[in-house]
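The values are calculated or read from the model by the stated rules, or taken from the named source; none is laboratory data. All of these numbers come straight from a predicted model, not from anything done at the bench. Note: ideal-geometry Cβ built from the backbone for every residue, glycine included; neighbour counts use all protein chains shown. Side chains are part of the model used for accessible areas, which takes the heavy atoms of the whole protein and leaves out ligands, DNA and RNA. Shrake-Rupley method; radii C 1.70, N 1.55, O 1.52, S 1.80 Å.
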Amino acid sequence: MKAMILAAGLGTRLLPYTLKRPKPLFPILNKPLLHLTISRIRQAGGTEIVVNAHHLRHEIKRALQEEANIVLQEEEKILGTGGGLRLALPHFSTEPVLVVNGDIYHSIDYREAYLFHLEAKADVTLVLHDYPRFNDVAVDDMLHISGFNSSDDRNRNQDRILAFTGIHIINPEVLHVIPQETTYCIIDCYRKILHQGGSIKAYFAKDHFWTDMGTPKDYLQLHADLLEQKIPVYEELGEAAAGAPFVGVQDAFIGKNVKLLDWVCTGKGARIENGATLQRTVVWDGAIVPAGSIIKDAIVTP
């Protein structure tokens, strides 16, 4: 199984933190999300993985130096979800490709979704779920996708409206409808496929956890849920989570009379100086919290 991780976005909703590092490299309990995603794809049977990068791509290149069987696709300009996939087409064979957004933490089984696609014999399979904040994809009773958002020509009353998880399985030949080296949204490609009579199926995910980590609030809530044991913890995070609710303190300098409240995650080489108070806070590697600081519900960067 070949796969692609879409990691080229600007992460504007996470500014100013994405001035420091691209969103896929944001640490989750001190481990970059990109590495966690790669590990889960490999556990599902992924062999060669393409990762595209644009914003702060030198950071992603450095992070992947020790990863085997990774193709880094560096993009000089933003090509969008569709344009990036079109550029990667020479790296794919004729077999379906698992595509994953680089900014999601979830418990959806990649392998089950991939096998569903193979059995469905569709051109594309989108992994959907019921997530009211983002529900905008119409699905009929036979799990065929009939349209995207309210501008599509369809009767919404006859369809179930679900949300796209950012996980899809694509037969590579459909990507030829996308113009080369052009900024393009993959959803526009899917609209073309539907218009031309192609088949796009829905794999409905349930009994799972999912977040797109799109805002600072989402990022902090993910840590809260992990450290309060409200959601599944990836195997790669098990050792870190075992130290809940205060993670990483053994790798940081903790001064005298420091107070850690509720939950706190501190990165390697971080310094929490004398008399500081941290509450519901993530401190990245190498960051310094000055003496006497009171920091709550925040991300602290170097």
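Conditions (1) of a type in the set (Phe, Trp, Tyr); (2) at pLDDT 95 or above; (3) within 30 Å of Leu15 (Cα to Cα), marked per residue:
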| residue | (1), (2), (3) |
| --- | --- |
| Asn157 | no, no, no |
| Pro172 | no, yes, no |
| Thr182 | no, no, yes |
| Asp188 | no, no, yes |
| His195 | no, no, no |
| Ser199 | no, no, no |
| Ala205 | no, no, no |
| Thr211 | no, no, yes |
| Gly214 | no, no, yes |
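Return yes when Tyr203 is surrounded by 20 or more Cβ atoms within 10 Å (Cβ to Cβ) and assigned to a strand (DSSP E or B) and no when it is not. Yes; evaluated as a whole, the condition is true for this residue.
Number of residues in segment 35-55 that are free of Cβ contacts under 8 Å to residues at least 40 places away in the same chain and either of a type in the set (Phe, Trp, Tyr) or surrounded by 20 or more Cβ atoms within 10 Å (Cβ to Cβ) (or both): the value is 1.
Scanning segment 237-272 for residues that are over 21 Å from Asp297 (Cβ atoms) and crowded, with 17+ Cβ neighbours inside 10 Å gives a single hit, Leu237. Checked against the criterion of being assigned to a loop (DSSP other than H, G, I, E, B) and either of a type in the set (Val, Ile, Thr) or at pLDDT 95 or above (or both), the candidates Thr37, Thr47 yield just one match: Thr47. Determine whether segment 7-24 contains at least one residue that is closer than 19 Å to Tyr110 by Cβ and of a type in the set (A, V, I, L, M, F, W, C). Within segment 7-24 (the criterion being closer than 19 Å to Tyr110 by Cβ and of a type in the set (A, V, I, L, M, F, W, C)), the answer is yes, since at least one residue qualifies. Out of Asp140, Asp130, one residue alone is in contact with a strand residue (DSSP E or B) (Cβ under 8 Å, 6 or more places away or on another chain), over 30 Å from Asp225 (Cβ atoms) and open to solvent by 40 Å² or more (accessible area, probe 1.4 Å). It is Asp140. Among the residues of segment 91-142, those identified as touching a helix residue (DSSP H, G or I) at 6+ places or on another chain (Cβ under 8 Å) and farther than 24 Å from Ile70 by Cα are Asp123, Ala138, Asp140.
Taken over segment 205-250, the residue count meeting the criterion of being in contact with a helix residue (DSSP H, G or I) (Cβ under 6 Å, 6 or more places away or on another chain) and not hydrophobic (A, V, I, L, M, F, W, C) is 6.
Restricting attention to segment 19-56, the residues that are within 16 Å of the chain's Cα centre (by Cα) and under 20 Å from Lys77 (Cα atoms) total 11. Checked against (1) touching a residue at least 40 places away in the same chain (Cβ under 8 Å); (2) under 27 Å from Asp207 (Cα atoms), Ala138 passes all but a single condition, namely (1).
Determine the pairs where a residue that is farther than 11 Å from Asn52 by Cα, located within segment 63-77, has a partner that is in a loop (DSSP other than H, G, I, E, B) with Cβ atoms under 7 Å apart, the partner being 6 or more residues away or on another chain. Once the first residue is farther than 11 Å from Asn52 by Cα and sits in segment 63-77, its partners that are in a loop (DSSP other than H, G, I, E, B) give Asn69/Thr47; Asn69/Glu48. For segment 245-260, name all the residues that are without any contact (Cβ under 8 Å) to a residue 24 or more places away in the chain and either among the polar types (S, T, N, Q) or within 17 Å of Gln229 (Cα to Cα) (or both). Pro245, Phe246, Gln250, Asn257 - these are the residues of segment 245-260 that are without any contact (Cβ under 8 Å) to a residue 24 or more places away in the chain and either among the polar types (S, T, N, Q) or within 17 Å of Gln229 (Cα to Cα) (or both).
Looking at this structure, is Val282 in contact with a Cys (Cβ under 9 Å, 6 or more places away or on another chain) and among the aliphatic types (A, V, I, L, M)? Against the criterion (in contact with a Cys (Cβ under 9 Å, 6 or more places away or on another chain) and among the aliphatic types (A, V, I, L, M)), Val282 qualifies. Among the residues of segment 98-122, those identified as at pLDDT below 95, over 15 Å from the mean Cα position of the chain (by Cα) and surrounded by 18 or more Cβ atoms within 10 Å (Cβ to Cβ) are Ala120, Ala122.
Do we have any residue at all in segment 215-228 that's surrounded by fewer than 16 Cβ atoms within 10 Å (Cβ to Cβ) and part of a loop (DSSP other than H, G, I, E, B)? Yes: one or more hits.
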